[in-house]
Amino acid sequence: MRGLHLIAELYECRCESRLLDDAETLRDLCLAVCTTPGLTPVGQVFHQFGSLRGPAGATGAVVLAESHLAVHLAGGEGGDAGPLRLQFQPG
């Protein structure tokens, strides 16, 4: 079987902040991206990061009969992903 695996690190995104900060919005977008071309979601999990100060990103995964989609977003409006970036920075 041949497939496509994409990994991207994006900075200073100019989209609506809710796309980066809100787990429910991220879930809706991911499901739409998967079902539009006819893929088959069989499971999903999404988590909201943040505190009383506000949202600080979201993470989620859609398990597909054909594959999977995973997205991790941190450090949008009201969030600080600095400590997270330091943990995963190469080298």
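Values quoted throughout were computed directly from the atomic coordinates according to the rules given, and no laboratory measurement underlies them. This structure is a prediction, so every number in the text was calculated from the model and none was measured. A quick note on method: Cβ atoms are made from the backbone with ideal geometry, for glycine too, and the neighbour counts reach across all protein chains shown.
Below, the figures for the structure above:
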| item | result |
| --- | --- |
| Of every Cα-Cα pair in the range 19-77, the percent that sits beyond 17 Å | 37 |
| Karplus 3J(HN,Hα) series, Hz, for the range 45-60 with 6.51 cos²θ - 1.76 cosθ + 1.60 (x for Gly, Pro) | 8, 9, 9, 9, 9, x, 8, 4, 6, x, x, 9, x, 8, 9, x |
| Inter-site label distance for residue 64 and residue 19 at 7 Å from Cα along Cβ, in nm | 1.9 |
